[in-house]
Amino acid sequence: MADADETKEQQQEQKQEQKREQTEKGKVSAEPSDKKASGGRLQWIIMAVVVIVGAGAGFGVGRIFGGSGTAETAQATEGGPTLPEGIKANTPDLTGDASQPNWFYDLEPVVANLDAPGVTRYVRLTLTLEIDPQVEQKKGVVFIEEKKPLLTNWLTIYLAGLSLEDIRGDRNLKSIQSQVLDAFNEKLFPDSKPRIKRVLFKEFAVQ
């Protein structure tokens, strides 16, 4: 009987030992799968973040370079074929030489009373316009002739608003030239680059 009891106990211990071994094996086999699953999820999360960040960066880069390209295109086309109707732009000759000298246009004298309370003083002004050679001279002369009444009217009103102090000295005269230049370019070439390069005084007499 004692031997039989010992045999049973040994069998039970063996069974328990086998159960423990199976349990440990199950744990060992489960851990790698859990690790694989968690590792797979981590990889998907990393890939998703990379895709989102990459897409955002690509969009930002596209906006930056797209804006730059638009600005460069606008600068390249600015002042191109936007001359007023009736004016033709010069083109390079057959030799490829596009360099041409500026040409000049003389306006008739303009006489205006100065803003001088108590006295009658007037100024007589004759201007010469220096024109960009990109404007064909024959077409440009015809165009300026058509617009001349607008230029003369503006110049008369402008001079009538000046005082004796406003026309004295080199600095004031240069300021007058600059303001006349801006105004004339705006009236003649509102949608193009300024085509009048300089406004020159041919006569500036105060009496």
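The values are calculated or read from the model by the stated rules, or taken from the named source; none is laboratory data. Note that the structure is predicted; figures quoted are calculated from it, not measured. Cβ: placed from backbone, ideal geometry, glycine included. Neighbour counts: every protein chain shown.
The residues of segment 118-159 that are of a type in the set (F, W, Y) and at pLDDT below 95 amount to a single one, Y122.
The residues listed here are D191, D115, D93; of these, the one that is surrounded by 13 or more Cβ atoms within 10 Å (Cβ to Cβ) and at pLDDT below 95 is D115. Consider segment 118-167 and keep the residues that are out of contact with any Lys or Arg (no Cβ under 9 Å at 6 or more places or on another chain) and touching a residue at least 60 places away in the same chain (Cβ under 8 Å). The one that is surrounded by the fewest Cβ atoms within 10 Å (Cβ to Cβ) is E146.
Can you name the residue in segment 169-200 that is among the acidic types (D, E) and within 29 Å of the chain's Cα centre (by Cα) and, of all such residues, is nearest to Y158 (Cα to Cα)? For segment 169-200, the residue satisfying everything is D182. Of all residues in segment 165-190, which are over 22 Å from V135 (Cα atoms), not in a helix (DSSP H, G or I) and not basic (K, R)? The one that is over 22 Å from V135 (Cα atoms), not in a helix (DSSP H, G or I) and not basic (K, R): G169.
Being within 15 Å of F201 (Cβ to Cβ) and assigned to a strand (DSSP E or B) is the filter here; which residues of segment 119-164 pass it? Once the filter is applied, which keeps residues that are within 15 Å of F201 (Cβ to Cβ) and assigned to a strand (DSSP E or B), segment 119-164 yields V123, R124, L125, T126, L127, T128, L129, E130.
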